[in-house]
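Down below is the structure, laid out as structure tokens.
The values are calculated or read from the model by the stated rules, or taken from the named source; none is laboratory data. These numbers were taken from a predicted model, which means no experiment stands behind them. Please note: Cβ atoms are built from the backbone with ideal geometry, for glycine as well, and neighbour counts cover all protein chains shown. Keep in mind that these areas ignore ligands, DNA and RNA; they rest on the heavy atoms of the full protein, side chains included. Shrake-Rupley method; radii C 1.70, N 1.55, O 1.52, S 1.80 Å.
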Amino acid sequence: MESQAIFNPIAEPDYLDVNELIPEQVLKNIEAIATHQDRYHQNSTAHQRGLDKITAVFSRSEFLYFQIIFFTTWWICSYLSNRHILLADFPLFDLREEGLGVAGLLISTGVLIYQTRQEKISDERSHLMLQLNLLTEQKIAKLISLVEELRTDLPNVKNRADLEAEIMQQAIDPQAILEVMQQTAAPLSTPPTEN
């Protein structure tokens, strides 16, 4: 029995071009948000960047694995040194003395890793919600514009000036909003000077 290739219309193509899948306005919104984030990171102090790097190292699962391997190795070497199998003078690991400290360190590292993961998920969710809100606002502005055009084209509907509809027809520029937010947040972020 010969096997024939079955055409699957749902199968993914060999490559996906993001520009074809995502509308241009969404790409502009993503670019505006990325520019805002880049500007935020560029304006952060060296102290903040250093703390971010240290926290990033401590909140990785590899750091937890390193701790487990380190303390296990220390315990094994201490045990072998106690039995005089290991000839080196090795600092002893007493489970009764260091056990709670090690357990606390491992638990706090695990919690930090979990919180970092949850924060990333939350950030992705809020970015998605922001994209959906921006896109919805732009679509609503387009619909208002089309309704206004329809209203002026229909002969049996009285033409009137609607300032609110004219304002609502204009799609909001996310870059402009981000700049206004930065300008209004700047006076709030500077600490008051002591006299």
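For the pair LEU27 and ARG39, the difference between a 0.36 nm per residue extended length and the Cα-Cα distance amounts to 2.5 nm.
Surface exposure of the stretch 60-154, expressed per residue as accessible area with a 1.4 Å probe, stands at 76 Å². Listed by chain and number, the lysines whose C-alpha is less than 20 Å from the C-alpha of LYS139, apart from same-chain residues fewer than 8 away, are LYS28.
Mean separation of Cα pairs under 8 Å and 6+ residues apart, divided by the residue count of the stretch 73-138: what relative contact order is that in percent?
19
Each other residue within a Cβ distance under 14 Å of CYS77 adds +1 if Lys or Arg and -1 if Asp or Glu, for a net charge of -2.
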